[in-house]
């Protein structure tokens, strides 16, 4: 029996302490690692995030060369290959790739070795494009703790959505199974041997890997002595080791193949309440994600026309966003203090993005009193855009390109009835404060956009509803006041309802108020828009919230009994709606959605699009999307009053009823067209009235079009799960196009073939 005891500590950027407080602990631990290594030649260690190495170099320059020497001689292994350990379910595909792109090559340069071990030990779930992402970034192994629901094991091959496979070490006993004393070798050896016996049934090739350490746990100066004593007592080959040593021993072993999302709480919690904690952070994150990707595409377009490339500024903005994609930050489960810093990072990243946006649009500026509208998406897109002074532009925008046009005055006329329509849908406001949606004359949604108000006595990790009587639907509260029972002094009403139309669109506005003894508990102001030429119902909700310990959930009831599909980073997967969690450590509560989800029965369906609103459920045919969740505790100890979400909030989402399947109705394109901005420049120079750079096939979603030192990088993923011979159209000069990996290292000439759910990265050689 070989036992690999791997010392480590798990680094959090911020969580229950601030970034600076955790930095002090981190630096102390890293110094202690070097101190132990000076005395103990058998001691080894690992570091898993580039940010903490940058921190050490900046704060401890006198020790940097010593640390570097320990890394290069192999006593400290660099794993992870990421900038910071992100959440895997909320940030988008491109953000997750930048985590690796900006870190792994740097870490490999420091060590002189490939970083082969993916080390995502504390992420709150793992989507099924992870195997493809990590394999295409040069990883051979992946290590994690949360989300697996199969039979007990510690090793398997994970086959992802596209068929990519990666060797997984699953931390069945967590990343902190060994709590060893720092002053008692005999006790330490006893604890170690007891843990070995627990893990022994799951040994692979007669090998076990056990971690010694935990969150910010200081390195153990007597670990080598404990290991030696345990070896003497047991006769096992027990050694202080690194993860790479373990994987070399077991990588060729036959292990089961698992095809699944790793988002379930069978053995370890995945903390589902984090998908709706501090929703303001999640909404800002997604908006900034789309802004950065879109500005990057615009700036690349400008550079192709002879303008200045700003890739260095944009990389700085991306790294600020990566800090906010850190798992405890974006999941909203930290103390209030850390979100002051997160907000500052948002502000700084947005400031950089807007600076690059303005300078890029300035490339087209001039004295002509016209408007330039730039579309950062690689497909034609019909939009009605407000440009200036009550003027709008209604036009089909070219793919990844612009039009130059004049604006038109939008003459708005008040409608007599509280309903709106376009060629696709008719939407009517009911007396219950809900919406009826008609398609081809048929009622397809009844009581749509209803709001469920749920008492929540949980914390930032979990929603806890006291009982079924602690749920109120606005529709019931308005039509049946007695429905509220002991809450019957709360008055719900619909106010300020009106509808208007113009040549281009129709808009329905209404507000739902909830008052108690003269105090406003809740005000929900909705703007519902139908635009000519767009088969999508757009919602903007402005919320004044003053009802702590309450969740607000948007409801879209259907009579569908079918299957659900959700976008994950870089793909689409079917959602398991029949989870057996009877013997799990954590009940299955909700599922995370990127930009859209669909619920359908084969002949018809309903899609819900969101901008930074990840938490969804389907219960008895009702699609439920959580707008916000009001709690005030991290776990059960630390008070977080700002997480009560008191104040003003704004949300954007959309509804698309359809016939057939989501694949036939361009739901991904409708979602990205809803979420991605259109950029406007007022006052242009001598320009063609229309210009464009790139058009992709309908089933390919672009996540990056950016300038690099070697050329233009294009990244996209396939959405329909089908083999594709791409008919990509390019409108710029280049001398060659190559397929590259996610580190942008060349693989082969591209043959225009795209596999189902493949993430493809191309590099175009262009003249500077």
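Derivation of every value follows stated rules applied to the coordinates shown; laboratory data play no part. All of these numbers come straight from a predicted model, not from anything done at the bench. Cβ coordinates were reconstructed from backbone atoms using ideal geometry, including for glycine residues, and neighbour counts include every protein chain displayed.
Observations, loosely collected:
- Computed from Cα atoms, the angle from the helix 279-304 axis to the main principal axis of the chain rounds to 80 degrees.
- Backbone N within region 402-429 under 12 Å of label point (7 Å from residue 368 Cα along the Cβ vector): 403-406
- In terms of its C-alpha gyration tensor, region 225-330 has a prolate overall shape, because the principal axis ratio a/c (a ≥ b ≥ c, square roots of the eigenvalues) is not below 1.5 and a/b outweighs b/c.
- Estimated FRET transfer efficiency (residue 584, residue 710; beta-carbon r; R0 60 Å; 0.05): 0.80
- Spin-label pair residue 470/residue 642, simplified geometry with 7 Å Cα→Cβ offset, distance in nm: 2.6
- In nm, spacing of pseudo-spin labels at residue 442 and residue 745 (7 Å Cα→C-beta vector): 5.4
- Value of relative contact order over the chain, rounded to a whole percent, pairs C-alpha under 8 Å and six or more apart: 14
- Between the Cα long axis of helix 61-72 and the first principal axis of the chain there is an angle of about 80°, rounded to the nearest 10.
- Peptides 425-431, 533-539 ranked from most to least packed, by the mean per-residue count of other Cβ atoms within 10 Å: 533-539, 425-431.
- Within region 420-446: backbone nitrogen closer than 17 Å to the residue 620 label point (7 Å, Cα to C-beta): 446
- Ordering of 31-42, 583-594 by packing [mean C-beta count within 10 Å, highest first]: 583-594, 31-42
- Highest mean first, the peptides 523-529, 114-120 sorted by other C-beta atoms within 10 Å per residue fall in the order 114-120, 523-529.
- Computed from the alpha carbon positions, the gyration tensor of region 290-438 leads to an equivalent ellipsoid with semi-axes of 34, 28, 14 Å, biggest first.
- With both labels modelled 7 Å from their Cα along Cα-to-Cβ, the residue 601 to residue 347 distance reads 5.2 nm.
- Rg and Dmax [Cα atoms of the chain; Å; Rg one decimal, Dmax integer]: 27.3, 89
- Mean sequence separation of contacting Cα pairs (under 8 Å, at least six apart), scaled by the length of region 281-344, corresponds to a relative contact order of 36 percent.
- Rounded FRET efficiency, nearest 0.05, which uses the C-beta distance separating residue 532 from residue 232 and R0 of 60 Å: 0.15
- Principal-axis tilt of helix 223-234 within the chain, Cα atoms, nearest 10 degrees: 70
- A full extension of the chain between residue 520 and residue 194 corresponds to an added length of 111.5 nm, given 0.36 nm per residue minus the alpha carbon distance.
- Only helical runs count toward this figure. For the chain, summing -39,500 (n - 2.57) over DSSP H runs of n ≥ 4 and dividing by all residues gives -7500 deg cm²/dmol at 222 nm.
- For the pair residue 358 and residue 186, a Förster radius of 56 Å applied to the C-beta separation gives a FRET efficiency near 0.25, rounded to the nearest 0.05.
- Across region 585-644, C-alpha contacts under 8 Å between residues 6 or more apart give a mean separation that, scaled by the residue count, equals a relative contact order of 23 percent.
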